[in-house]
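This report concerns only the one structure given below.
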Amino acid sequence: MPNVLLMRHGEAAPGYPDHTRRLTPQGERESEKMARWLAERVAAGELPMPTLYSSPYVRAQQTAQALSKALGAPLETLDFITPDDSPSAVSDWLLEQPESAPIMLVSHMPLMGDLAGLLVEGSPAQGVGFPTAAIAEFEADVWAAGCAQLKRFTQPSQLWLP
């Protein structure tokens, strides 16, 4: 099975209701920076073009749209990858996906951290903290709990892109 990439949305402004919160200007810059970095990796052949999926929340959609534009890839929305959704449900969904291009999910904390913990350690309680716009890349033969390896973790502050 190809890689799975998990990305937390860029920095978001406070607000209510939660699902309508938008990216801040900093969040837009973070998202665009990570999108350019991924596009460069795809263009160089380092990473196959991922299939993009996003939470329906506005801030995740904005982040994923930056990726979609930079990669020239379509974007699909998944209603079950919002902040408090079940990492087990996402893991079950990953198990059902055909082997093809890498899958990239743009979502939120705590789901991204809990899902990372479930995939690598077998428990969502062993999750990873994701700074805004960070991307974690995983590899696995099967996307069951505890079967994945974290291959790379990159956040915007590590990149020297304009």
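Quick note: the coordinates plus some simple rules give every number you see, no bench work behind them. Keep in mind it's a predicted model, so treat the numbers as computed, not measured. Cβ atoms come from the backbone with ideal geometry, glycine included; neighbour counts cover every protein chain shown.
At-a-glance table
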read-out: Within the range 32-50: backbone nitrogen closer than 11 Å to the ARG152 label point (7 Å, Cα to C-beta); value: 37-48
read-out: Residue order, fewest to most surrounding Cβ atoms within 10 angstrom, among ILE81, ILE103; value: ILE103, ILE81
read-out: Residues HIS9, HIS19, HIS108 arranged by fewest to most Cβ contacts within 10 Å; value: HIS19, HIS108, HIS9
read-out: Quotient of C-alpha Rg and 2.2 N^0.38 Å, computed over the chain; value: 0.95
read-out: Whole-number percent relative contact order across the range 4-158, with pairs defined as alpha carbons under 8 Å at least 6 apart; value: 28 percent
read-out: Diffusion coefficient, µm² s⁻¹, Stokes-Einstein with Kirkwood Rh over alpha-carbon pairs of the range 61-147 at 37 °C and 0.692 mPa s; value: 243 µm²/s
read-out: Neighbour cut-off at most 16 other Cβ (10 Å), DSSP loop, trypsin sites (Lys or Arg not before Pro), the range 13-45; value: ARG22
read-out: Total charge dipole magnitude, the range 4-158, about the Cα centre, Cβ charges on Lys, Arg, Asp, Glu only, Debye to nearest 20; value: 640 debye
read-out: 15 Å beta-carbon shell around GLY127, net charge (K/R +1, D/E -1); value: -3
read-out: Cα-Cα separations in the range 18-79 greater than 19 Å, expressed as whole percent; value: 29 percent
read-out: DSSP-loop GluC sites (Glu not before Pro) across the range 50-147, with at most 10 other Cβ within 10 angstrom; value: GLU99
